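The values are calculated or read from the model by the stated rules, or taken from the named source; none is laboratory data. Note that the structure is predicted; figures quoted are calculated from it, not measured. Note: ideal-geometry Cβ built from the backbone for every residue, glycine included; neighbour counts use all protein chains shown.
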Amino acid sequence: IHVDNLDLVVNVDPPTDHKDYLHRGGRTARAGESGSVVTLVTPNQRRDMTRLMVAAGIVPQTTQVRS
């Protein structure tokens, strides 16, 4: 899927592979542009996402939210 002028990607179902994560997020950086990626993670997914971020070479800004 190609979408022009995309500056935000929201991962509600986080990928399990760092290459997939980078591919999804890369949609915000086409043609020299930049954007943001927000990934919603449950407590059970946290460890896997930490590993994925390390593999992808990303140092994320994290925010804990509660209902």
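Brief remarks on what is shown
- Pair list, Cβ under 7 Å, 6 or more apart: region 45-56 residue over 10 Å from ASP17 (Cα atoms), other residue not charged (D, E, K, R): GLN45/PRO14
- Selected residue (criterion: modelled with the highest pLDDT) from residues of region 4-33 that are hydrophobic (A, V, I, L, M, F, W, C) and either loosely packed, with under 10 Cβ neighbours inside 10 Å or assigned to a loop (DSSP other than H, G, I, E, B) (or both): VAL12
- Close pairs (6 angstrom Cβ cut-off, 6 or more residues apart or separate chains): over 17 Å from VAL54 (Cβ atoms) and without any contact (Cβ under 8 Å) to a residue 60 or more places away in the chain in region 7-30, surrounded by fewer than 12 Cβ atoms within 10 Å (Cβ to Cβ) and polar (S, T, N, Q) anywhere: LEU8/SER36
- Residue-level check: of (1) in contact (Cβ under 8 Å) with a residue 12 or more places away in the chain; (2) more than 12 Å from the chain's Cα centre (by Cα); (3) surrounded by 11 or more Cβ atoms within 10 Å (Cβ to Cβ), THR39 misses just (2).
- Inclusion of ALA55 among residues that are assigned to a helix (DSSP H, G or I) and either at pLDDT 90 or above or among the polar types (S, T, N, Q) (or both) is warranted.
- Restricting THR50, THR63 to residues that are loosely packed, with under 10 Cβ neighbours inside 10 Å and either modelled with pLDDT of 90 or more or not hydroxyl-bearing (Ser, Thr, Tyr) (or both) narrows the list to THR63.
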